[in-house]
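In what follows, a single structure is set out as structure tokens and then discussed.
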Amino acid sequence: MIFIAICCIFTYIQPCKSTIANVSLSFNVLLLGGLYCMRHLWFTDFFTPTETLEVAMILIPLVSHILVFVWAGYKLTSYIMRRCGYHSNPRGCRVALVNAVNMCLHRRRRGGYQEMA
């Protein structure tokens, strides 16, 4: 309960300068609270199956990594779209991304053959 209270306090006070830092701080305090709760259940609760606690101990830290991978994929996609001149595409993002990658990778040289970048 202490970690949830600290998370709420950090969310309200916002001690960091940027919004993303405040969100990250609150989220990580909440993750620590979840891990502490799982640790407490591991040592004191004998009715919860061990397999359930093992899965929870694996999934709780994995959540933050999944969010970072989604963010990195978004940044990479937006960089490729900006680099190759695609700002918006009415046919859909998937077609635009494929076209952007093809345009960046296949460049023509003076001799007429394609060179992979």
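The values are calculated or read from the model by the stated rules, or taken from the named source; none is laboratory data. Please read these numbers as outputs of a predicted model, since none were measured by experiment. Counting neighbours? That spans all protein chains shown, and the Cβs are built from the backbone with ideal geometry, glycine included. Note: areas computed on protein heavy atoms with side chains; ligands, DNA, RNA excluded. Shrake-Rupley method; radii C 1.70, N 1.55, O 1.52, S 1.80 Å.
Quick notes on this structure:
- Filter result for L25 (under 19 Å from F3 (Cα atoms), in contact (Cβ under 8 Å) with a residue 12 or more places away in the chain and more than 22 Å from the chain's Cα centre (by Cα)): no
- Each residue in the stretch 68-91 was checked for being modelled with pLDDT under 80 and open to solvent by 60 Å² or more (accessible area, probe 1.4 Å), and 6 of them qualify.
- Residue match in the stretch 15-28 (condition: part of a helix (DSSP H, G or I), open to solvent by less than 70 Å² (accessible area, probe 1.4 Å) and aromatic (F, W, Y)): yes
- T48 vs. criteria over 24 Å from F10 (Cβ atoms) and part of a loop (DSSP other than H, G, I, E, B): yes
- Scanning the stretch 37-60 for residues that are surrounded by 14 or more Cβ atoms within 10 Å (Cβ to Cβ) and more than 26 Å from the chain's Cα centre (by Cα) yields a total of 2.
- Of all residues in the stretch 38-66, those that are in contact (Cβ under 8 Å) with a residue 12 or more places away in the chain and closer than 29 Å to S24 by Cα have Cβ atoms under 7 Å from Cβ atoms of residues that are not in a helix (DSSP H, G or I) and not aliphatic (A, V, I, L, M), 6 or more apart or on another chain, in L41/T48.
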